[in-house]
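Asker: Here it is, the structure in full.
The values are calculated or read from the model by the stated rules, or taken from the named source; none is laboratory data. For clarity, every value in this text was computed on a predicted model and none was experimentally measured. Every residue, glycine as well, gets a Cβ built from its backbone with ideal geometry; the counts of neighbours run over all protein chains shown.
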Amino acid sequence: MKRIAILTAGGDTPALNATIQGAVVRANQCRVEVFGLIKGFSSLLTPQVPHVHLNPLFTEIPELDPTRGGTVIGASRAFVDARDTRTLDEVADRMARLKISGLICVGGDGTLNGLQPLAERFPTVLAPKTIDNDLGLNHRNEPDEWARVPSPEPPGYRYQRLPSRANFDLEGIINYTTPGYATSVFVSVEGVRRIRTTAESHRRIAIVEVMGRHSGYIALGTAYGQPDLVLVPEYPLNAENLVERVREVYELQKNVVIVCGEGVVGAQGRELGGSQPSLDPAGNVILSGASEALRQILIEHFGDAYFQKSRRAESARAAIFTRKVGHTQRGGRPILFDRFYAAQLGGKAVDMLLEGQNNASSVLQWERGRGFYVDSYDGNAFRDRWGLIHARQMHPSLYDPEMMRPSRIGIEYLLPIFTNAIGHADVEYVREATFDAGSLVRPYHSVNTDINKRIRYLEG
């Protein structure tokens, strides 16, 4: 291959530029040109195919900074419908006219679902990213543990996870963690620590909601912030146990901090917060309101009198508050762990194309005696018997539902990721950049302005 393309798809993730830069560095070593496709799959769906030459004369462009959050080539949630053969053929024709021989898609489970029809027309591989850490498998046979059960709602069925019969071992995880996860947890941990001092000072009960969709990895990792209780989507909420534990902690220390994943479910398995459909090929939903639902449960159980009798608050509504860490988890400078391994996975994706691999993903593996290393994994091996790739849920053994915190195995899972995850350069950046006096007089300069000057289009 003499020329390949790369695109970033799905939601924002801190280490996207690091992945792109790692791919470009490896491509330069192999004397391969790299075109960056503007705004993900949207570029391929546009007849002009807006793109940027990321390594003219095999030298990466200066805008490609691995410490910069976001993606310099833009992203979107657009995808190619596998049933739209006409559009797929047009995409293949545009790639051929640009003399692009292979494509790297940087994305999560939705992107991996969506790239298969492209892989049937030209070599296409995935470099993983997602703050949710939900791209991968807890063990190789996990796709076989999904079943279709009848449902009154369209399309007449829903997917249900069957009990696992496999032995779980951390070394057997496919794609141990994804770029973006460590930085997201870093942001969430800092948020919890800041909320704690307010809860302590004012005798409050704080509920901090973190992202993660239906996977509890971010909530699990936020245990580094020392919340009193952690709630994850994989275990339905037991309201009575929660109230009992909150009362116990509050009586002891006069404040409680609870971390909940946005996808936390009630006893019947339904999300506590509201949801609405999105349009990506994974069928993901947008979740909101889990923390508010939990707050209402606690307000109803405790009542105003509980707080009034000790003069700690005028009402339960005043004593119990919520905060969402929100999209700050998705943006900003990636920490060292994410930068380093994102670049490694991007470079591995280039090697995979040059080796002739197709419909596969670069993955980050871990072994006790070896540590982290990059490898590749067949894309079809992520699919269930009906061809769907499911977002990975946190394995139940990583969480202790009685203590409402990471289990011993959960702690063992987290340690390799977060021990030394922050580099000296990360700390120095905070010291130098946060109160840089020049920021008071210099207007913000968006990298989009510079990239826009480099955009080229398919002619004719």
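The rows are residues; the columns are (1) touching a residue at least 12 places away in the same chain (Cβ under 8 Å); (2) small (Gly, Ala, Ser); (3) in contact with a Cys (Cβ under 8 Å, 6 or more places away or on another chain); (4) surrounded by fewer than 24 Cβ atoms within 10 Å (Cβ to Cβ).
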site: Asp134; (1), (2), (3), (4): yes, no, no, no
site: His139; (1), (2), (3), (4): yes, no, no, yes
site: Pro150; (1), (2), (3), (4): no, no, no, yes
site: Leu162; (1), (2), (3), (4): yes, no, no, yes
site: Ile173; (1), (2), (3), (4): yes, no, no, yes
site: Pro179; (1), (2), (3), (4): yes, no, no, no
site: Gly212; (1), (2), (3), (4): yes, yes, no, no
site: Tyr217; (1), (2), (3), (4): yes, no, no, no
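Asker: Follow-up question, since we're still on this one. Tell me which helices (runs of 4 or more DSSP H) are completely within the range 247-363 and hold 2 or more residues being at pLDDT 90 or above, under 24 Å from the mean Cα position of the chain (by Cα) and assigned by TED's automatic domain parsing to the domain that holds Val25, or say none if there are none.
Answerer: Filter on the range 247-363 gives 336-354.
Asker: Ok, one more. Can you find, within the range 397-416, the residue that is farthest from the chain's Cα centre (by Cα) among those that are of a type in the set (D, E, K, R) and within 16 Å of Glu234 (Cβ to Cβ)?
Answerer: For the range 397-416, the residue satisfying everything is Glu402.
Asker: Restrict the check to the range 17-30 and report whether at least one residue is assigned to a loop (DSSP other than H, G, I, E, B), at pLDDT 95 or above and either surrounded by fewer than 21 Cβ atoms within 10 Å (Cβ to Cβ) or hydrophobic (A, V, I, L, M, F, W, C) (or both).
Answerer: yes
Asker: When you scan the range 384-397, do you find a residue that is of a type in the set (Asp, Glu) and within 18 Å of Asn175 (Cα to Cα), even just one?
Answerer: yes
Asker: Looking at the structure I just gave you, is Asp304 surrounded by fewer than 19 Cβ atoms within 10 Å (Cβ to Cβ) and not basic (Lys, Arg)? Lay out the reasoning, then the answer.
Answerer: On the way: surrounded by fewer than 19 Cβ atoms within 10 Å (Cβ to Cβ): yes; not basic (Lys, Arg): yes.
For Asp304, the condition - surrounded by fewer than 19 Cβ atoms within 10 Å (Cβ to Cβ) and not basic (Lys, Arg) - is met.
Asker: Please specify each residue of the range 373-393 satisfying the condition of being closer than 20 Å to Ser362 by Cα and part of a loop (DSSP other than H, G, I, E, B). Give the derivation first.
Answerer: Of the residues in the range 373-393, the ones closer than 20 Å to Ser362 by Cα are 373-384, 387-393.
Scanning the range 373-393 gives Asp384, Gly387, Leu388, His390, Ala391, Arg392, Gln393.
Asker: Test Ile100 against the criterion of being farther than 30 Å from Gly172 by Cβ, in contact (Cβ under 8 Å) with a residue 60 or more places away in the chain, in the same structural domain as Arg385 (by TED's automatic domain parsing) and not in a strand (DSSP E or B), and give yes or no.
Answerer: Criteria met by Ile100.
Asker: Another one. How many residues are under 25 Å from Ile409 (Cβ atoms), small (Gly, Ala, Ser) and not in a loop (DSSP other than H, G, I, E, B) if we restrict to the range 138-188?
Answerer: Number satisfying all stated conditions: 4.
Asker: Another one. Name the single residue that is farthest from Asn113 (Cα to Cα) among those in the range 82-96 being without any contact (Cβ under 8 Å) to a residue 24 or more places away in the chain and assigned to a loop (DSSP other than H, G, I, E, B).
Answerer: If we take residues in the range 82-96 being without any contact (Cβ under 8 Å) to a residue 24 or more places away in the chain and assigned to a loop (DSSP other than H, G, I, E, B), then Asp84 is farthest from Asn113 (Cα to Cα).
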